[in-house]
Amino acid sequence: MGLPRKLLGADEDVILHMRTHGKDLVLPVLGLVLLAAITWVSMAFMPASWTPVGTWVVGAIVAVLFVIMVLVPFLRWRTTTYTLTDRRVITRRGIINKSGHDIPLSRINNVTYERSLLDRVLGCGTLQLTTAAEAPVTLDDVPDVERVHVVMTELLFGDEAGAAAKAAEDD
């Protein structure tokens with residue numbers, strides 16, 4: 001989908017638009033499986049004398065846990081985006097309260113990335129952007145962080161065509 005055109009400057013082009021890596025959804029999926037199992041066990045072994053009130057109580061507890069354990073993390077993942085344009089890096093996050101950070105490419109002095117063993121297995125990493133004026137901006141769980149690093153480097157050296165070509169590459 002990308003960033004809406006109305007949020008971009010005149011003649012500004014999106015090079016890369018991405019969400020955080022899908023590894024953020026592992027715990028919510030496990031939570032969903034656990035909730036399903038707990039619900040099934042609760043309903044299967046509930047004494048007949050507790051119905052229908054017991055069924056409503058179990059349903060209410062499961063609904064609250066579903067929102068906390070599954071829905072909120074999914075929405076947090078869905079609303080956290082990183083966009084790289086030919087002029088700036090744009091971060092957006094938030095379900096109800098939105099926050100964002102824009103960094104002009106001209107202000108970025110250094111781009112580094114880190115990958116733990118798990119990140120290497122899953123194909124993601126952390127990108128750190130350093131500017132002269134501010135504390136470093138850290139972009140966590142960037143998918144294919146090495147390719148994003150190369151694209152950023154191409155843009156910082158002024159090669160927009162090379163950055164766009166690198167961004168369009170499929171591994």
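The values are calculated or read from the model by the stated rules, or taken from the named source; none is laboratory data. In this text, all values refer to a predicted model and were calculated from it rather than measured experimentally. Here the Cβ positions follow ideal geometry from the backbone for every residue, glycine too, while neighbour counts run over all protein chains shown. Keep in mind that these areas ignore ligands, DNA and RNA; they rest on the heavy atoms of the full protein, side chains included. Shrake-Rupley method; radii C 1.70, N 1.55, O 1.52, S 1.80 Å.
Could you compute the FRET efficiency for Arg78 and Trp56, with r as their C-beta to C-beta distance and R0 at 30 Å, rounded to 0.05?
Details: r = 30 Å, r/R0 = 1.01.
According to the calculation, E is roughly 0.50.
What full-extension length gain, to one decimal in nm, is calculated for Ile96 and Leu65 as 0.36 nm per residue of separation minus the Cα-Cα distance? Display every interim value, and only then the final one.
Details: separation 31, 0.36 × 31 = 11.16 nm, distance 1.92 nm.
Taking 0.36 nm per residue and subtracting the Cα distance, the gain is 9.2 nm.
Over the chain, with every protein chain in place, what whole percent of the accessible area is carbon and sulfur at 1.4 Å, could you tell me? Display every interim value, and only then the final one.
Values: 6680 of 10470 Å².
Summing carbon and sulfur atoms, their accessible area is 64 percent of the total for the chain.
Please give the peptides 49-55, 124-130 ranked by average Cβ packing (other Cβ atoms within 10 Å per residue), highest first, as a rough proxy for protection. Spell out each step's value before the answer.
On the way: 49-55: 10.6, 124-130: 19.6.
Ranking the peptides 49-55, 124-130 by packing returns 124-130, 49-55.
Work out the FRET efficiency for Leu30 and Ile103 from their Cβ-Cβ distance, taking R0 = 45 Å, and round it to the nearest 0.05.
Numbers: r = 35 Å, r/R0 = 0.77.
Once the sixth-power term is evaluated, E becomes 0.85.
Binning at 5 angstrom from zero up to the longest distance, how are the C-alpha pair distances of the stretch 38-168 distributed in percent?
The calculated distribution, bin by bin, is 2, 9, 14, 15, 14, 10, 7, 6, 6, 6, 5, 4, 2, 1, 0.
Could you work out the relative contact order of the chain, using alpha carbon pairs under 8 angstrom and six or more residues apart, expressed as a whole percent? Show your work: numbers first, answer last.
Values: 230 pairs, mean separation 35.1, N = 171.
Computed value for the chain: 21 percent relative contact order.
Would you mind giving the three semi-axes, in whole Å and largest first, of the ellipsoid equivalent to the stretch 1-80 according to its Cα gyration tensor? Kindly include the intermediate steps, with their values, before the conclusion.
On the way: eigenvalues 362, 34, 8 Å².
In descending order, the three semi-axes are 43, 13, 6 Å.
Using only the alpha-carbon atoms, how far is helix 145-156 inclined from the longest principal axis of the chain? Give it as 0 to 90 degrees, nearest 10.
Result, in degrees: 30.
Heavy atoms only, 1.4 Å probe, whole protein assembly: order Arg87, Arg5 by accessible area, highest first.
I get Arg5, Arg87, largest accessible area first.
Report ³J(HN,Hα) in whole Hz for each residue of the stretch 18-23, in order, from the Karplus equation J = 6.51 cos²θ - 1.76 cosθ + 1.60 where θ = phi - 60°; Gly and Pro get x.
Here the 3J(HN,Hα) series is 8, 9, 5, 4, x, 4 Hz.
If I stretch the segment between Thr138 and Ser42 completely, what's the gain in nm (0.36 nm per residue apart, minus their alpha carbon distance), one decimal? Could the numbers behind the result be given before it?
Details: separation 96, 0.36 × 96 = 34.56 nm, distance 4.31 nm.
Extra length from Thr138 to Ser42 when fully extended: 30.3 nm.
For the stretch 49-65, take each phi angle, set θ = phi - 60°, evaluate the Karplus expression 6.51 cos²θ - 1.76 cosθ + 1.60, and give the result in whole Hz per residue in order, putting x for glycine and proline.
5, 8, 7, x, 4, x, 5, 5, 5, 4, x, 5, 5, 5, 4, 5, 5
So what's the back-of-envelope 222 nm ellipticity for the chain, counting only DSSP H runs of four-plus at -39500 (n - 2.57) apiece and dividing by all residues, rounded to 500? Mind showing how you got there, number by number?
Numbers: 6 runs with 67 residues, N = 171.
Value at 222 nm, helices only, nearest 500: -12000 deg cm²/dmol.
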